[in-house]
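What follows is a set of notes on a single structure, which appears directly below.
The values are calculated or read from the model by the stated rules, or taken from the named source; none is laboratory data. Every value quoted in this text rests on a predicted model; they were computed, and no experiment measured them. Here the Cβ positions follow ideal geometry from the backbone for every residue, glycine too, while neighbour counts run over all protein chains shown.
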Number of protein chains: 4
Amino acid sequence: MIKVGIIGATGYAGQELVRLIEQHPKAETVTLTSQSYAGESYDKVYSGYAHKSYVCEEEDIEKMADECDVIFLALPHGVASKKVNNDILNKVKIIDLGADFRLQDIEVYEKWYTTHYSKDILPEAVYGLCEINRDKIKGKRIVGNPGCYTTCSILSLYPLVKEKMIDLSSIIIDAKSGATGAGRGLSLPNHYCELNESVKAYKIASHRHTPEIEEQLSYAAGEKVVLSFTPHLIPMDRGILATCYALLNNNYSYADIRRAYEKYYDNEYFIRLTREGVFPETKWVKGSNFVDIGFTIDERTGRVIVIGAIDNLFKGAAGQAVQNMNILFGLEEKTGLDYIPIFPA
Amino acid sequence: MIKVGIIGATGYAGQELVRLIEQHPKAETVTLTSQSYAGESYDKVYSGYAHKSYVCEEEDIEKMADECDVIFLALPHGVASKKVNNDILNKVKIIDLGADFRLQDIEVYEKWYTTHYSKDILPEAVYGLCEINRDKIKGKRIVGNPGCYTTCSILSLYPLVKEKMIDLSSIIIDAKSGATGAGRGLSLPNHYCELNESVKAYKIASHRHTPEIEEQLSYAAGEKVVLSFTPHLIPMDRGILATCYALLNNNYSYADIRRAYEKYYDNEYFIRLTREGVFPETKWVKGSNFVDIGFTIDERTGRVIVIGAIDNLFKGAAGQAVQNMNILFGLEEKTGLDYIPIFPA
Amino acid sequence: MIKVGIIGATGYAGQELVRLIEQHPKAETVTLTSQSYAGESYDKVYSGYAHKSYVCEEEDIEKMADECDVIFLALPHGVASKKVNNDILNKVKIIDLGADFRLQDIEVYEKWYTTHYSKDILPEAVYGLCEINRDKIKGKRIVGNPGCYTTCSILSLYPLVKEKMIDLSSIIIDAKSGATGAGRGLSLPNHYCELNESVKAYKIASHRHTPEIEEQLSYAAGEKVVLSFTPHLIPMDRGILATCYALLNNNYSYADIRRAYEKYYDNEYFIRLTREGVFPETKWVKGSNFVDIGFTIDERTGRVIVIGAIDNLFKGAAGQAVQNMNILFGLEEKTGLDYIPIFPA
Amino acid sequence: MIKVGIIGATGYAGQELVRLIEQHPKAETVTLTSQSYAGESYDKVYSGYAHKSYVCEEEDIEKMADECDVIFLALPHGVASKKVNNDILNKVKIIDLGADFRLQDIEVYEKWYTTHYSKDILPEAVYGLCEINRDKIKGKRIVGNPGCYTTCSILSLYPLVKEKMIDLSSIIIDAKSGATGAGRGLSLPNHYCELNESVKAYKIASHRHTPEIEEQLSYAAGEKVVLSFTPHLIPMDRGILATCYALLNNNYSYADIRRAYEKYYDNEYFIRLTREGVFPETKWVKGSNFVDIGFTIDERTGRVIVIGAIDNLFKGAAGQAVQNMNILFGLEEKTGLDYIPIFPA
C-alpha cells in the first residue's frame, strides 16, 4: 500500500482526496492535517466520515516525509513553496494541488501570485496534466497539479493548438464553475442566499489561471500564446464548463477537426469526445475523472467553438492528483479512479 | 384605464404580463386566453392568483380587438403572423412578444424560423427595444417586442458599435440564462433533476436570437454585422447574463468607453452602468426592468469585455412589453414598472 | 407621507423593509442605519439599489425619534429592549421586528432569550399579528412584530384552537424554512455548498419561536398550550411551510373544519384558504403578504393536518411590519402590500 | 461473477443500479432493458456512460432468467406481479424494487395499489429490509425491496417500537424527499421552474408508503400500528429526511433510548447513530448506503423526536437492492457498497 499524507485535508479538495484515497485499492491515508481543525476528529468536520476514525493532526512535514510515500499539499498559494525543500524531496514524493509548482516562468508567477520560496526546486517540478505530460511525470519527485479551469481549458484546446489549426491570437475562454471552486472559506458572496439563483463573472481579465493556460498552450504551440479568460460562478456545487472560441486557420471540416482530437485523445481513457451534435454538460462528468469535449464549427464566422466539461474537485483537483500518484508509483492510471459519473446528484 | 388583452397568458412570459398589468395603475386585463387551459380559472394554473377571479378564455382575436385597446401576443413563432392583419390593426394596438415581427429581413426570418404569413404588415412593425427605438415606437400600430437574449446583448454592445469603437468582425456573445427562458412546456432536459446542478451550452452557433442581434447591431453600425452567439442554461429560475467580447479599434481608456455608454444611456432610467470594477449579477435586476451593464478592458489582448444583466421575464419579455405599451399610450415609460429588484429570491 | 426610520437596514429583513417602503405610496424612508456599513452608500451593500441614493447612517435613535413618524427595528434580540424607552415612545411609533416585545411573559422571555431591559414598557407592547390583534394594535405606541415561523404556525392553527376542535396536548408543528431565515451573518452551515442540496432539522425541541407560538395559542385557547415545534432548513431562498398535526376532538367533517376557518378568515384579504384537495406551496406566496392555508383530515388516525405557507421575509417579517404601520396610521391595511406573488422566482 | 439483468434500467433507480453493478467487484450486468429506449445505446439516455457500450434491450424475462443469476425489476407497481411466476423463480433470483412484493396483506395492497397478479408467489417473498430481515432473506427466491420513505422511517423507529418505548398510536412521520423520488417521467410539477425554490407536502394522509411502514412496524410491535405519514418535496436531487414524533411510554433518559438503538444497530455497518446533540443531514449520506439516525427528547411534551436520513436512490432503492443481492449470494453485505458519501455534490 502506498502510504499517503494529506496536508490541508479539510478544504473541499482535501476532503475529496481523503475520499478517493480511502476508496483506492493500493493507497491509504496515514496522516491528514488541518490548520483549522487540528486535534479534532475528522467526522466533526465532515460527518460523512462518521464510520471512520480519522483525526486531524498538526502539520509536521518532516515527520510525514519519514512516514509517507507521497504527500499531497492542498494549501493556499505561497505556502507550499515554503514547505518543500530538497531534503523533503529526497524522502517523499510531493504532489502540490496549489499553484506554486505549476508555472515555470518565475516572473509570471511572482507577478500574478507572490514571492516564490523554492526557486531552486521549481525547475524540476513537472506540470501534472497527465494526458499531456505523462512521460515527463514518471520518475519526478514533485508534481504541480494543474488548476481546475486550466485542466479543462488546456485539454479542450490542446489538439487545435498543437496542430496549428487556430489563430492563436483569437482564443477566448468563457468558463463557468460551480461554487466548490470558491472553497470552504467564509465570505459573503459565497453565502447561500447571495450565490443562489444568480450568475456573475468575476476576476475578469485578471484570473490567475490565465497565465497557467497560456504557459502550457505556448509549449504546445511553440510560440507565445496570449488569450482572454473569463470565469463565471454558477449556482451549483460541482463542475466546470469551458466554452472556447477561436478563428480557424483554414476552411476545416468537422471531420478535419475531429481527426485532430482523435490523434491526441483516442487512447485517453479519461477524455471522451462527444458525438457530433452532442455537447458536454457538467452533470455527465460529476463524481468522475472524465473530461468531456465537444465542438462545432460556426460557419458564418469561421470560428470553432469547443466545449469542455470536468468535475472541478475530481479531474480538476483531487482526481488528477491521484492520477499523478498512480503515474509516479507505476500503477495503472485509472486505479481507484474508475467511477461512473453519479447522476442525478 | 387601458383595456388589455393577453393571448397566451399561461406561459411564463404571459403570466408575468398578467402580474404586471394587474399592478399597473393605468391598465387592466379584460381578457386573457389560453389554448391549453381555456375555460379554467386562472388560479388553477397559477395558484398565486387565488384571490383574483381571472378565467382563461378561448382566443377570439376579432372580439378582443373590439373590446381592448392593446393586445399582447405571447405565442410560439409563426402563430402571431397568422393572426394579425390590417383589420385587427385598425382597431387595436398589437405588441407581439414572439419573433414574428422582430426581423425586417424576411429572408432571414424564413431561413431561421418558418414561413411568414403577414409580409404586408411586417414593414410597419417596429422593433420595440425602447431605449433605442423610443421615437419610432410612438404612433405605431404593431410592435415586435425583442427577445430576451437580444435585449441584453444589443443594449450591452450598442454604444460601442454606434461609436465604431470595436472591430465588428470580432464580436462574441457568451450568454447564460435561467430556466424560465426554456418555457413551461414539458421536456426531459427541463425536468428538475436533469437541469439542476449542471450547466450546458445549447443551440451553439444556431440560436435564433443571433440574426435578431445582428440585424439591430447592423442598423447601429451602418454595415452588416456577423457575430458568434452561444447561449447556456443555468440552474436558476430567472436572469440572463451576457458576456460580450470584442477587439477595440483603438487604444481606448476605461474613461473613453464609459463616455460612450454615458452618451447613450445617461438619461435612461432602466439602464444602470455599474461602478468601475463592479460587474452585473443577475440577482441585482431580478423582478425589475433594469439592465445593468459593466465592462473592463483586457489590456493584454486589446479586447473590451462587456457584461450585461437582465431579468429575462421582465426586461427580457413582459416588462419591456409594458414599457412599449406605455410609450404607445403616451404614459411615462416607467409607469407600473418601477420595481426595486427583489432579493434574495 | 409617513416618515420612516429603519434601524438595521442591511440585514435581509431590513432590506425587504427598505424595498417595501420605497414602493409604498404613503411612506418614505428618511433614515436607514447599519452598524456594519455606516457611512457607505446602500447600493454598495445591495446593488439592486444602484439607481437610488440611500446612505447607511450611524444609528441615533433620539434623532430619528424627532425626525420620523415610525421607526422599524431589525436587530438581534436583546438590543431593541435597550434602545426603547418612554421618551422615545412619546415621540415616535416603534415596530420591532425582533423578539423583545413579542412575549408578555417576562420569565419565559428571559429563559429562552436573555435579560429584558424594558420591562416597564413591555406591558403596553402589542403582539402585531394583524389578523388576530388588529383592534389592539390601533393606537399603540409599540408593536412586537411576530416571528416568521410563528406567524405561519399561529395563523394555521388559530381557528381550530379558538373553536376548541383539537386536543391541545397533541399539537405538533413541523416547519420548513428557506435560508433567508438564517440571516445574512456568515457561518459555515449557511455557506452555499454546505446548505445546497441537503435538508436538516435544527434547534429541535429548543427553537425560540416555540414559546411565542404557545403564548399566542394559549390566549386563543384560554388555557396553557404546550406543543412540539421542529424547524428545518430547505435549500431555497424564501418561504416557510408549516405542517401542523393535531388530534380532532370530535368526528368533524371537512366542512365543519372549513367553517371554522371561514368564520375567522373570510374577510381577511391576506389569508387564502386553498380549495379542498389543494395544499399550499411556498412558491405561490413568494414576494407577497399572503398566508395560504389548506388542511385535510387523516381519517385513519383521527388527526387534522393543516398546512400553512408564507414568504418569511414578507408576511413573516417586513410585510407584516408594514401592515402594522398601516394599521397604526389609519391606512387601508393592504396599502403598499398588494402584490401578486412573483413566479417563477 | 454474478450475472445481473436489470429490467427498467433507464429510470433513476434503474440507472443507479447499473452504476453500482458496474462498479461491483463480483457482479456484472449482462442485460439491461428499457421499454422507452429499447434498441438505443445506453449512453444516449445517460451520457455519463459514454465510455461504456451498454445497449437497451427489449424486455424478455424468460430469456433473461436463463442467462442471469439475478434480475432486478425497476418497474411501476402492478407490472412486476404480472411478470414473475414459479418457472422464472426456479431459474433466477428476483429482486423487485417496486411495491408488488412488499406488502404481505393482499387486501391492503389491493386497496392502496391495484390488482395483484401473483398472489400465489407473494407469501414466499421476503421484505428486503436487510438490517431487520437479513436471516429471512438468505435462501429466498424473491425479495421485495423496500420503498425509500419506508426504509428511512422504519429504521428510524424500529428499536423504539420493538422495545415498546413509545405510544404506538402517537407516531407521526413527517418526511422530506429530493426530486429524484418523483422519478424521471415528465410532469409539470417536476418541471425545473415549478419545483425549484419551493417546498410542498403531497399525498397527505394518502401516500402508499404508509401501509408499508405500518405493516413492518406492526410485525415489530406484535400489534397493529396505525400512523400519520406526510411526504414533502424538497428542491434538491437526492436524499430523504424523516422527522419522527412519538410519545414516550415512560420517563426515559437519552441514555435509555440510545441503549435501545445500540442494541439493534451496534453491529450494523450501514446504520450510524449520530453523536448526542448532532442530527442527520441528507448531505452526509449522499452517494452512500448509510442510514444516519439521531434523536432528542422533547422534555416539555414527553415526546421523542427521531431524525433519519438516507440517499433515496442508494439505501432507499438501488443500494439496498445490491445489499439484498449480496445476502442472497453469500457475499459480505457491503461488497460494492462501501462508499464514503460524496460531498459537496
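Scan A:292, A:298 and give me the residue that is crowded, with 24+ Cβ neighbours inside 10 Å, free of Cβ contacts under 8 Å to residues at least 24 places away in the same chain and not assigned by TED's automatic domain parsing to the domain that holds residue A:132. Going through A:292, A:298 in turn, just one is crowded, with 24+ Cβ neighbours inside 10 Å, free of Cβ contacts under 8 Å to residues at least 24 places away in the same chain and not assigned by TED's automatic domain parsing to the domain that holds residue A:132: A:292.
Among the residues of the range B:309-328, the one identified as surrounded by fewer than 24 Cβ atoms within 10 Å (Cβ to Cβ) and not hydrophobic (A, V, I, L, M, F, W, C) is B:326. Taken over the range C:86-103, residues that are surrounded by 15 or more Cβ atoms within 10 Å (Cβ to Cβ) and either part of a helix (DSSP H, G or I) or touching an Asp or Glu at 6+ places or on another chain (Cβ under 7 Å) (or both) amount to 7.
Screening residue B:175 on (1) more than 9 Å from every other protein chain (Cβ to nearest Cβ); (2) closer than 21 Å to residue D:47 by Cα shows it passes everything except condition (2).
Within the range B:283-304, the set of residues being hydroxyl-bearing (Ser, Thr, Tyr) and more than 7 Å from chain A (Cβ to nearest Cβ) comprises just one member, B:288. If I filter the range B:242-265 for residues that are within 20 Å of residue A:200 (Cβ to Cβ), facing chain A (nearest Cβ under 9 Å) and either in a loop (DSSP other than H, G, I, E, B) or in contact with a Cys (Cβ under 7 Å, 6 or more places away or on another chain) (or both), do I get at least one hit? No, the conditions are met nowhere in the range B:242-265. Before we move on, is residue D:40 under 25 Å from residue D:329 (Cβ atoms) and at pLDDT 95 or above? Criteria not met by residue D:40.
Going by what's in this entry, would residue B:205 be described as crowded, with 23+ Cβ neighbours inside 10 Å and closer than 28 Å to residue B:78 by Cβ? Against the criterion (crowded, with 23+ Cβ neighbours inside 10 Å and closer than 28 Å to residue B:78 by Cβ), residue B:205 does not qualify. Scanning the range B:174-186 finds one or more residues that are within 30 Å of residue D:182 (Cβ to Cβ), β-branched (Val, Ile, Thr) and within 17 Å of the chain's Cα centre (by Cα).
Candidates A:246, A:221, A:255, A:242: the one that is touching a strand residue (DSSP E or B) at 6+ places or on another chain (Cβ under 8 Å) and over 30 Å from residue D:286 (Cβ atoms) is A:246. Taking every residue in the range D:144-169 that is over 24 Å from residue D:94 (Cβ atoms) and without any contact (Cβ under 8 Å) to a residue 40 or more places away in the chain and pairing it with any residue that is surrounded by 23 or more Cβ atoms within 10 Å (Cβ to Cβ) and not β-branched (Val, Ile, Thr), at least 6 positions away or on another chain, yields no pair with a Cβ-Cβ distance below 6 Å. Can you find a residue in the range D:223-235 that is out of contact with any Cys (no Cβ under 6 Å at 6 or more places or on another chain), of a type in the set (Asp, Glu), surrounded by 14 or more Cβ atoms within 10 Å (Cβ to Cβ) and in contact (Cβ under 8 Å) with a residue 24 or more places away in the chain? There is no residue in the range D:223-235 that is out of contact with any Cys (no Cβ under 6 Å at 6 or more places or on another chain), of a type in the set (Asp, Glu), surrounded by 14 or more Cβ atoms within 10 Å (Cβ to Cβ) and in contact (Cβ under 8 Å) with a residue 24 or more places away in the chain. Selection of the range C:178-225 for residues being over 25 Å from residue A:46 (Cα atoms) and more than 13 Å from chain D (Cβ to nearest Cβ) yields C:208, C:209, C:212, C:215, C:216, C:217, C:218, C:219, C:220, C:221, C:222, C:223.
Take the conditions (1) touching a strand residue (DSSP E or B) at 6+ places or on another chain (Cβ under 8 Å); (2) among the small types (Gly, Ala, Ser); (3) closer than 18 Å to residue B:82 by Cα; residue B:128 misses just one of them, which is (3). Can you spot a residue in the range D:107-122 that is touching a strand residue (DSSP E or B) at 6+ places or on another chain (Cβ under 7 Å), touching a residue at least 12 places away in the same chain (Cβ under 8 Å) and either at positive phi or buried (at least 23 other Cβ atoms within 10 Å of the Cβ) (or both)? No, that holds for no residue.
Within the range B:121-152, the residues that satisfy the criterion of being over 10 Å from the mean Cα position of the chain (by Cα) and among the small types (Gly, Ala, Ser) are B:125, B:139. Among residues of the range D:143-172 being surrounded by 24 or more Cβ atoms within 10 Å (Cβ to Cβ), polar (S, T, N, Q) and in contact with a strand residue (DSSP E or B) (Cβ under 7 Å, 6 or more places away or on another chain), the one that is nearest to the other protein chains (Cβ to nearest Cβ) is D:156. Residues in the range A:16-51 that are in contact (Cβ under 8 Å) with a residue 40 or more places away in the chain and within 11 Å of chain D (Cβ to nearest Cβ): A:16, A:19, A:20, A:21, A:23, A:25. The condition (being within 20 Å of the chain's Cα centre (by Cα), on the phi < 0 side of the Ramachandran plot and not hydrophobic (A, V, I, L, M, F, W, C)) is satisfied by just one residue among B:10, B:33, B:29: B:10.
Matching residues to (1) in a loop (DSSP other than H, G, I, E, B); (2) over 29 Å from residue B:246 (Cβ atoms); (3) aromatic (Phe, Trp, Tyr):
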| site | (1), (2), (3) |
| --- | --- |
| A:300 | yes, no, no |
| A:305 | no, no, no |
| A:316 | no, yes, no |
| A:330 | yes, yes, no |
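For residue A:275, indicate whether it is at the interface with another protein chain (Cβ under 7 Å from one of its Cβ atoms) and surrounded by fewer than 20 Cβ atoms within 10 Å (Cβ to Cβ). Answer is no for this residue.
Does residue D:196 satisfy the condition of being of a type outside the set (Ser, Thr, Tyr) and within 26 Å of residue D:95 (Cβ to Cβ)? It is false that residue D:196 is of a type outside the set (Ser, Thr, Tyr) and within 26 Å of residue D:95 (Cβ to Cβ). Restricting attention to the range C:277-290, does a residue exist that is part of a loop (DSSP other than H, G, I, E, B), touching a strand residue (DSSP E or B) at 6+ places or on another chain (Cβ under 6 Å), within 20 Å of residue D:172 (Cβ to Cβ) and modelled with pLDDT of 95 or more? Checked against the condition, which is being part of a loop (DSSP other than H, G, I, E, B), touching a strand residue (DSSP E or B) at 6+ places or on another chain (Cβ under 6 Å), within 20 Å of residue D:172 (Cβ to Cβ) and modelled with pLDDT of 95 or more, the range C:277-290 yields at least one hit. Scanning the range B:2-28 for residues that are more than 15 Å from residue B:329 (Cβ to Cβ) and assigned to a strand (DSSP E or B) turns up B:6, B:7. Residue A:92 meets each of the listed conditions (1) touching a Cys at 6+ places or on another chain (Cβ under 7 Å); (2) among the β-branched types (Val, Ile, Thr); (3) under 30 Å from residue D:25 (Cα atoms) apart from (3).
Restricted to the range C:40-84, and to residues that are part of a strand (DSSP E or B) and under 26 Å from the mean Cα position of the chain (by Cα), which residue is farthest from residue A:189 (Cα to Cα)? Among residues in the range C:40-84 that are part of a strand (DSSP E or B) and under 26 Å from the mean Cα position of the chain (by Cα), the one farthest from residue A:189 (Cα to Cα) is C:70.
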